[in-house]
Amino acid sequence: MEKRVTLYTDGACSGNPGLGGYAGILLYGEHKLEYSGSEEQTTNNRMEVMAVIVGLKRLKYPCKVEVYSDSAYTVNAFKEGWIYAWKKGGWKKADGKSVQNVDLWEELYSLTKTHEVTFHKVAGHADNELNNRCDELARAAITALKKTLSRDKESETE
């Protein structure tokens, strides 16, 4: 039997580019796993895509995954078929310009070949409890990174 998993994700940035955080919640049956992470110099779009990648990479077996994200950038790349055109066109957009974040898109594309992934767009900062929780986790990851960086700077001046 194919395992069915629900994945909620979100990304955030303090400055864009700037300090970034991503988070997700994996749901499988009665199980719920929250995760988050951060990067020093990144963009909101990178964090949105990274949130999905990290969630899919946590799955131990091929699964049928319903991904819920408030990122039109991430969701529409698949729902509108952009990623297939980008890949076919050598990671160029219709206007001939290079696609940004190709490293992440290639990794996410590869993961969608392991898992059967369906993307759903949800309203950001609205009444979706799990999307709001992902936003909290992503922002908390940025806050934790800021504290770590300020401690590192303090220890450099001592």
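Every number in this text was worked out from the coordinates using simple rules, so none of it is lab data. Small disclaimer: the values here were computed from a predicted structure and weren't measured. Cβ sites come from the backbone with ideal geometry, for glycine too, and all protein chains shown count toward neighbours.
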Exercise. Roughly how many debye, to the nearest 20, is the charge dipole of the range 73-158 about its Cα centre, given +1 on each Lys and Arg Cβ, -1 on each Asp and Glu Cβ, and no other charges?
Worked result: 400 debye
Problem set entry | Among Gly89, Tyr68, Val52 - extreme Cα towards positive end, dipole of the range 3-157, charges at beta-carbon | Gly89
Problem set entry | Contour excess over end-to-end distance, with Cα ends at Ala85 and His31 and 0.36 nm allotted per residue | 15.8 nm
Exercise. Over the chain, what is the mean sequence separation of C-alpha contacts under 8 Å (at least six apart), divided by residue count, expressed as relative contact order in percent?
Worked result: 31 percent
Seminar exercise, completed: Most fluctuating of His125, His115, His31 in the GNM of the chain (C-alpha, under 10 Å) is His31
Seminar exercise, completed: Computed about the Cα centre, the charge dipole of the range 3-157 from +1 Lys/Arg and -1 Asp/Glu charges at the Cβ has a magnitude in debye, to the nearest 20, of 540 debye
Exercise. Pick from Glu34, Glu80, Glu66: which residue has the top mean-square fluctuation in a GNM of the chain where Cα pairs under 10 Å get a spring?
Worked result: Glu80
Seminar exercise, completed: In the chain, taking the dipole from +1 charges on Lys and Arg beta carbons and -1 charges on Asp and Glu beta carbons about the Cα centre, the listed residue (Pro17, Val5, Ser38) farthest towards the positive end is Val5
Exercise. Which entries of Lys97/Lys146; Lys93/Lys113; Lys57/Lys87; Lys121/Lys147; Lys92/Lys121; Lys87/Lys146 show an alpha-carbon separation above 30 angstrom in the structure shown?
Worked result: Lys97/Lys146; Lys121/Lys147; Lys87/Lys146
Problem set entry | Exposure proxy ranking, count of Cβ atoms within 10 Å, fewest first, for Thr143, Thr74, Thr9 | Thr143, Thr74, Thr9
For this session: Quick one, can you get me the convex hull of the C-alpha atoms of the chain expressed as volume per residue in Å³?
Result: 132 Å³
For this session: Output the antiparallel fraction of DSSP beta bridges having both residues in the range 3-157, as a percent to the nearest 5.
Result: 60 percent
Exercise. When you count, for each residue, the other Cβ atoms within 10 Å and take the mean per peptide, how do 81-90, 13-22 rank with the highest first?
Worked result: 13-22, 81-90
